[in-house]
Amino acid sequence: MCTTCGCGHPDQVRIGELPHVHNDSNAQHATKLPNFSHSSFRMPDTPQQEETQQRLLKVEQDILGANNQLADMNRRFFANQHILALNLVSSPGSGKTTLLTTTLNALKNDYPCYVIEGDQQTENDADRIRQTGVPAIQVNTDAQMIGNALVKLQPQENSLMFIENVGNLVCPSEFDLGEHAKVVILSVTEGEDKPLKYPHMFAASKLMILNKVDLLPYLNFDVEKCIAYAKQVNPTIEVIQLSSQSGEGLQQWLDWLKAQKR
């Protein structure tokens, strides 16, 4: 992650106690793992020599390895509790939170719903989620933080868990959270070549939501080209076009969610 987007400094990796959910119960246990929250990293201030770069790469590998262990534990917990966990990823301003609040209002009477909200600063988005009546906890989105949030949320069996990741199309593509699937949200106010610019994210996603399609008459956005680019990166990616504001295409998204839940 750190060498991908330039957010790393090996001296700032710390060891901490992690309370985490067992795969077969709601008990907690402590696991020694690095504290690798994204905000604890920063770019080096001076040019680094080869030795430092090699050390940074090793730290990154250790971080990803520790994260993957926790992600597997999260995945087992979700499976044992029959929880559909989805990781919503996008650039800033894609309409992710608006889509999520609309989705929660449509589904909260059918399924118990929970949200883990990822933001670097402020609880604005988490507050918007809570206004729907759905429990939400704000964290920094890596597998350790997801595990900690699960301890606090205590989600019911047969529920829906939405993880609204930070607005970033680079780092979240590499960090497994134990989710059932990544859903990448791309708005038509962005460039249709985003799938080519950020291929790892679109390759890792099961579904691409093309949001804000109600604005298409006012924009120079080629929908067919965007979908073709996404398919070029990930031939199996599914695509849903919708507008969170007008409701166009929303039912297709809700049907997709229900199908994944089954």
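The values are calculated or read from the model by the stated rules, or taken from the named source; none is laboratory data. Being a predicted model, the structure only gives us computed values, none of them experimental. Glycine gets a Cβ as well: all are built from the backbone with ideal geometry, and neighbour counts include every protein chain shown. Only protein heavy atoms, including side chains, enter the accessible area calculation; ligands, DNA and RNA are left aside. Shrake-Rupley method; radii C 1.70, N 1.55, O 1.52, S 1.80 Å.
If you go through the stretch 150-174 and keep only what is of a type in the set (A, V, I, L, M, F, W, C) and either at positive phi or within 9 Å of the chain's Cα centre (by Cα) (or both), you end up with 162, 163, 166. Of the helices (runs of 4 or more DSSP H) lying entirely inside the stretch 62-162, the ones with 2 or more residues being farther than 30 Å from residue 189 by Cα are found at 143-153. Given the condition under 30 Å from residue 234 (Cα atoms) and touching a Gly at 6+ places or on another chain (Cβ under 9 Å), answer yes or no: does some residue in the stretch 157-164 qualify? Yes: the stretch 157-164 contains one or more residues that are under 30 Å from residue 234 (Cα atoms) and touching a Gly at 6+ places or on another chain (Cβ under 9 Å).
No other residue among 179, 190, 174, 164 is of a type outside the set (A, V, I, L, M), open to solvent by 10 Å² or more (accessible area, probe 1.4 Å) and under 15 Å from residue 85 (Cα atoms) apart from 179. Taking the numbered list (1) open to solvent by 10 Å² or more (accessible area, probe 1.4 Å); (2) in contact with a strand residue (DSSP E or B) (Cβ under 8 Å, 6 or more places away or on another chain); (3) free of Cβ contacts under 8 Å to residues at least 40 places away in the same chain; (4) hydrophobic (A, V, I, L, M, F, W, C) in turn, residue 169 passes all entries but (3). Please find, within the stretch 217-235, the residue that is nearest to residue 190 (Cα to Cα) out of those that are open to solvent by 60 Å² or more (accessible area, probe 1.4 Å) and without any contact (Cβ under 8 Å) to a residue 24 or more places away in the chain. Filtering the stretch 217-235 for residues that are open to solvent by 60 Å² or more (accessible area, probe 1.4 Å) and without any contact (Cβ under 8 Å) to a residue 24 or more places away in the chain, the one nearest to residue 190 (Cα to Cα) comes out as 220.
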